[in-house]
1. Nearest 20 debye, what's the magnitude of the dipole of the range 520-662 about its Cα centre given +1 on Lys and Arg Cβ and -1 on Asp and Glu Cβ?
2. Where nothing but the Cβ of Lys and Arg (+1) and of Asp and Glu (-1) is charged, how large is the charge dipole of the range 589-715 around its Cα centre, in debye to the nearest 20?
3. Multiply the residue gap between ARG65 and ASP207 by 0.36 nm, knock off their C-alpha separation, and tell me the result in nm, one decimal place.
4. Arranged from highest to lowest average of other beta-carbon atoms within 10 Å per residue, in what order do the peptides 155-165, 222-232 appear?
5. Please list, in order, the residues from the range 36-78 whose amide nitrogen is less than 17 Å from a point placed 7 Å along the Cα→Cβ vector of ARG105.
6. Would you please give the residues with an amide H less than 5 Å from that of VAL5, counting only those at least 5 places away or on a separate chain, with H modeled from the backbone geometry?
7. Fully extended, how many nm does the chain gain between ASP674 and LYS274 (0.36 nm per residue separation, minus their Cα-Cα distance)?
8. Taking every pair of Cα atoms in the range 439-562, average 1/r, invert it to obtain the Kirkwood radius, and report Rg/Rh to two decimals.
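Please treat every number below as a calculation from the coordinates, not as lab data. Bear in mind the structure is a predicted one, so any value in this text is a computation, not a measurement. Please note: Cβ atoms are built from the backbone with ideal geometry, for glycine as well, and neighbour counts cover all protein chains shown.
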Amino acid sequence: MQKPVIFLAFANDKVDYARYLRNLPIELDGIRKSLQDAQQAGLCEVIERANATIEQMLDIFQQYRDRVAVFHYGGHADGYQLLLEQLDGSHAVAKGEGLVSFLARQKGLKLIFFNGCSTQQQSLELLEAGLPAVVGTSNSINDEVATALAVRFYKGIGSGATLERAWNEAVDQLKISFGSDQMKKLYRLKKEETVPDQFPWNLLIKDGAEGVKEWNLPDAVNNPLYGLPPIPPTHQLPESPFLFLKRYERQHAEVFFGRSYYIRDLYNKITDVKTPPVVLFYGQSGTGKSSLFDAGLNPRLEGSHVVLYMRREQEKGLLATLEQGLTKLLEESTKQYTQVATAEKKAENGISEEDFLAKRKALVEELTRQIQTLAEAEKIDLRNTIYSLEKEVLQKPTSIPLGTSEFVRIHDLDFKTQFGENNPHFKVWRMWHDIELLHNKPLVVTMDQVEEVFTRPNQVLSNELGVFMQSLQVLFTVLALAPHGTLILGYRKEYHAEIEERFKEYAIPRSRQFFEVLSRKEIVDIFEGLSKTPVLQKRYNLSVDANLPVIIADDLLEDKESPVAPVLQILLTKMWDKVRNDAQPHFSVELYQNLKREGFLLDDFFYQQMEKFRQWNADIEKSGLPLDILFFHTTELRTATGHHIGKIRERYAHIPELAQEVVNKLRELYLLIDSGENVTNLTHDTLAPLVRHEFRGSERAGQRAARLLDSQMDA
């Protein structure tokens, strides 16, 4: 794939000294440096013309035909024309009519950035001619400010940000620096001119081309993970890079490939302060949502965020599952933080931990008494002082154990004023804030398998989803009280309409991301990641026939409704088992074709594993017990479910030891997995329809008896 070209054209006025723009060389140098890392990483090619002529501009577009993605012009402009240069330094005017016509024919252009005075008219003409995005100016602009805006924008582009995010960050910098009361400094005005009441630069997007807002360099060259934090290396890679139907977890992060675009998109949503605090992430069963969260996204957030991944627990429901996860994380964080802080204080002051805690408690009590005796205005002043102290403490996160400190409780007054003295959702709000204060990092919580509120409802909680929404409303709808982190909800696409409707009802801000089945390119990426990543190549020594990934991808994608991800994992695991003991493991087309003849699709896998069970113990298999146990791990909605070992023993109280033995064998065959302490789950949702179909049609003794019992109960 050819790299996109960023064309930087600058032209100055060397005739009229009063109009000479001294900052143009600084702007060029700043943009060059901003894009340097991206250029070295192969994300783009930067072409510069410091004294651009009309001929040079046309030559560049023709030389790099349809590859110029961004055209940046810095210099003088006047309404409907650009001021370029001649070879002798004199003026050369590029007329708007011809310029618009020429630029409109450049198919690769995503953005034109006119960093000159009064280019609004040209910008509008370019949009009408079909250009997707143009930056123009409504008035004469300050040279120095124009430089700062451009450099910050290209720093964002060079770091991998989307066009819209890079622009917003550049605008924010100017607003932070100047504020609304310093608007005059943004312009280059004559004495008699009044300061316009608007920001002089505008990013204009053509109607119907809103997708250009998400354009970025990493995506343009199929390198979506560029600029994202790397996965912290582990001391021990997994024994096998393939897991049958088991989901990828944190310890498998270094061997998880194929979902880079979604990782980047989620990462951008989480780290962009302008995006909503809740992300609705939904897709077809079997697409690998859980693996994406736990192995793809969270490891890249560990350095900058606190991450918490959890799955809804049926007996608790959504809100109690969230509360339990936050409680455990807060306890661990407070314990770790307090140990560090008290050790530092002890070393610093030469006092025991008990004395230090006693002094801190006394200080808090004294402060509380003082607050109660103050007038209301004085209370406000003291609260502001405490806010300032908290801010300073956050710069030195080990100086005081904030999570156990009453200093942070001053925020409780604001909460209770907003939501009521006895609001039942105060606990979640408080814990989330305390965790962020303890770590001085935003908290990212991923709640997975939210659809189970429908597929595995808690019969005791009649309004489980509604109560959960009430808590989210408290957490995120009042900006001044909201935490800094993000909540991601993962669920199956069939339930998106119901969940989205609840978010509308409670007016909770959110963004959405539909998670599609593996694409052809993503399947190829999985093979390349495992065979070409140096550390993995050294560990597994795997090589792959050049045309094999494409052949497999085309075969798997032939059936649009098939669960591609789990079937691919079954295939890869089987291929690996065939070659793992070879001196030089190799995935060949011949090996794939042999397995294809044997059968590796999901139903093939299920029946093959059940045959292995029969070979292990034909009598138990014939009894129908293993199929009955698998059926017990499904729901009426044909989804997987889990059960505590106590429930299994209760169901098979007449044969508890045999039932345990069968459960262990089904685990060994990858038909059941451990999904919690003493909890087993059907390995994958996509197995549930197969299990239920086989159960209904089985002539084994156990299933015949079950059907007979059902018919008698119906009668």
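1. With Lys and Arg at +1 and Asp and Glu at -1, about 420 debye.
2. So the dipole magnitude of the range 589-715 works out to roughly 180 debye.
3. My answer for the length gained is 48.6 nm.
4. 155-165, 222-232
5. Answer for this model: 54-68.
6. Distant-sequence amide H within range of VAL5: GLU45, VAL68, ALA69, VAL70.
7. This chain segment gains 140.1 nm when fully extended.
8. Checking Rg against Rh, the ratio lands at 1.13.
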